Every structure is written in structure tokens, then in C-alpha cells.
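Here the structure is laid out as C-alpha cells; the discussion comes afterwards.
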Amino acid sequence: MITYLDVEDLLDFRSAKQPIISLYLNVDGSRVSHDQQKVFSKNLVREGRKIIEAESYEIEVRTRLQSDLDKIEKYLSDELAPGLTYRGLAVFACQEAGMWRVFQLPRPVPSSLFIEESAHIRPLTLILDEYHRFGVLLLGKTQAELYDVYIGEIIKVDQTFTATPVVSKSPAAVDGPGSGDRGQSRHSEEEMQKHFRHAADVLFHQFHRRHYEYLVLGGQQQVLAQFENFLHPTLKENIAGRFSAEPGKTRTAKILEEVSLIERKVETKTEKLLVKKLVNTALGRGLAVLGMDNVLTALQVGAVHMLLVEDGWHTEGSICRNCGFFGVKLETCPGCKKEMSQLTDMVDEVIESSIKTGSIIEHVHSQAGLAEHGHIGAILRFHI
Ligand SMILES: [Zn+2]
């Protein structure tokens, strides 16, 4: 799965002469059939060959570009198969720089090919923007573990939490109730507080260092409640959820499952707020529009700041291949009077066009409240 580090890594590639080929392919089986994927991939490679022919590259550069395209073509023909588990594919190649990177993406991307000086990364950053980075702290009375959860992946952070190794005490004393010795339990209480303070400190630093957007705490309810007193206020505000766990025992698959439930809740909440803001602004005649017709109008004048679209929603539309005009079920282009081509899925065109004009794309779930308002809407840069 892709991360921001991968994107930075892509941008680090530099070659003296040969440009970088960036290829994106929509392999979302629910929208594009396997046969269509094959056709699109062939078309992209052909488009690439045309570009290479048309540009005045040195022979050496041209040969390398062609060989990169051969490699991409071979890769796609081997890789594309019915029932892929991912929805987008990105390939970057530059023989001169020793670059060959393939990313399987959790979201569909508009199929496109770029031959540019640096890797074309915008579709990747758009995907990354839709995911949240979670820091997950599993906390016990004497132990703690920190995990990174991002785009369905979990990684344990190499971080020791043993600020005060408790070696001389019996586990009963360390674990609090049960030990009859008051002096010892007060001592263990102090050790526990020290441990909490240290864990809170580590968490504060890692939160900023690792760019976490949200925190999730795992542990016994009572332990977590006590621990939260030690947390920095900004971190407290970013707690997205809690679940029952035990450091050293709870398995990563279980942690991931709990966090994805919490992430879904956070997402739904954020999306509902965003849709509410969009609808209120549009109804109040502010900088927002609702419905495909209005979105298309906004898009054609470059007014779309953020496009909100219901995930999985499709609708028919028409496009003028001559001047690029979009419309809903139009036979003749209002601009150039040419015949319009009919599209089975207008949404893809709209997303693609929004990406080209630098808009932010937000896919919202069907429960976010956009369905009642035309399934699609846009926050505008200026009044239209
Ligand atoms: Zn036209």
C-alpha cells in the first residue's frame, strides 16, 4: 500500500536526460470490466509511443523510453486479470534513473499517461488525502505499545516504554490490588504514574513526528481513564476512540479491526459535517452547488474547489468530443453544435476533469446525506 514517503521517494528520482513515464490505470472492477481495462492499457501504451515519436528526443533517450514502455506493456499484460483486489494501478518508470515502481491503489484513478521531467504524483496525493493516520497506544499498568495504522496497514513503532523497569517487585505488587503491603502498593502506584507520564510524553512527541491525525487508545477502561489525565490537551482532543486491549497480548489483526471500526465512524462523522456544510451553503446561495447539472456548469468554468461525490454512484451523461463540453443527456453541443457522445458513467469524467483543474475530490459514503441532494455537489472557488 502507498504512503506519503513513497510519494516523496518518487519525487526524489532525477535523471539527466530521460523523462519519467507515469501511468495510471482504473482497474475498479465495479466500473471497468477486465476487457475494458485491457483496451485502456493498450491505448495508453499506444498514446505513449505516439508522444515519444512526436517529441525531439535524442536517440538514446528515445530508445530508453521505448524500452520502458515495453516493460510497462509486458507488466500490464501479465498483471491485469479479472477480480483484482485493488481498484487503481500506478506505474512509474525511468531506466536512466534506475526507477521502476508499481503501486496497487485502494481507489480508482483516471486512466492516464504522463511523460514528464518528474513523476506525476497528483492522483496519488489525492488518494492519500482521503486516509487518516492513526497512532494507536496499547496501555497497561506497566507496559505500553505504540502502533501506526494507515490505509489498512499496521506497523509497530519501535519504541520502548520501560522508563522505570520494575524488576524487584512481584507481579502482584506491580499490578496493584491484591498486595497487602500499603507501602509497596503506594510505591507501585507511583511507578505506574511515572509510566503513564512517560507514555504520554512519548505519545506527544510521536504524534507530531509521525503526523498522526487521530489517536486510539487500547487498554482496560479504568487504566485508560487514569492515563488520560496525563495526556496533553491537544492529544485528548484527537482521541478518536478506545477499545479493550492488553499490550503484549492483543494481536495486530485485532487492533487493526478495532481501529478500522473507529476510522469508519470518524469518516462518517466528518463526511456528514462536510455534506451538511455543502447543503447549507448551496441552499443559502453561497459558494456551493448541488446536483450534476450545476456541478457540470461549475466545472466548465473552473469554479470547483472541492467535489463531493457519493461513493459508487453512477449516472449517464454526454460529452462533446470536439470542444470538451459536458452535459446531461444532450444530443447537440450548445457550444459548437456538434453531436455529443453519450457516456454510461459521467461521474468518472467529472472526477477526472476535477483532478485536471486541481480540485479536491471527496468520496462520501451513501449514508453521509448527499443522496437526498443529487448525489453530487461542489464547493466553489467563486460565484458562477
Ligand atoms: Zn462542442
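Details
- Residue 343 being within 16 Å of the ligand (Cβ to nearest atom) and either under 25 Å from residue 123 (Cβ atoms) or surrounded by fewer than 21 Cβ atoms within 10 Å (Cβ to Cβ) (or both): yes
- Residue 91 being over 30 Å from residue 266 (Cα atoms) and within 18 Å of the chain's Cα centre (by Cα): yes
- Filtered by the rule that a residue be in a helix (DSSP H, G or I) and loosely packed, with under 14 Cβ neighbours inside 10 Å, region 357-370 gives 366, 367.
- Each residue in region 80-127 was checked for being at pLDDT below 90, in contact with a helix residue (DSSP H, G or I) (Cβ under 6 Å, 6 or more places away or on another chain) and of a type in the set (A, V, I, L, M), and 4 pass.
- Looking across 87, 62, one residue alone is among the charged types (D, E, K, R), within 23 Å of residue 121 (Cβ to Cβ) and surrounded by 14 or more Cβ atoms within 10 Å (Cβ to Cβ). It is 87.
- Filter pass, residue 353 being under 26 Å from the mean Cα position of the chain (by Cα) and within 16 Å of the ligand (Cβ to nearest atom): yes
- Test result for residue 370, more than 16 Å from the ligand (Cβ to nearest atom) and touching a residue at least 60 places away in the same chain (Cβ under 8 Å): yes
- Condition check for residue 357: in contact (Cβ under 8 Å) with a residue 24 or more places away in the chain and touching an Asp or Glu at 6+ places or on another chain (Cβ under 7 Å): no
- The set of residues from region 312-330 being surrounded by 16 or more Cβ atoms within 10 Å (Cβ to Cβ) and more than 16 Å from the ligand (Cβ to nearest atom) comprises 313, 315.
- Meets criteria (part of a helix (DSSP H, G or I) and either in contact with a Pro (Cβ under 6 Å, 6 or more places away or on another chain) or within 20 Å of residue 31 (Cβ to Cβ) (or both)) for residue 352: yes
- Residue within region 14-31 that is without any contact (Cβ under 8 Å) to a residue 12 or more places away in the chain and of a type outside the set (Lys, Arg) present: no
- When the residues of region 263-299 are filtered to those that are hydrophobic (A, V, I, L, M, F, W, C) and surrounded by fewer than 21 Cβ atoms within 10 Å (Cβ to Cβ), the one that is modelled with the lowest pLDDT is 266.
The values are calculated or read from the model by the stated rules, or taken from the named source; none is laboratory data. From a predicted model like this one, the values you see are computed outputs, not experimental measurements. Virtual Cβ from ideal backbone geometry, glycine too; neighbours counted across all protein chains shown.
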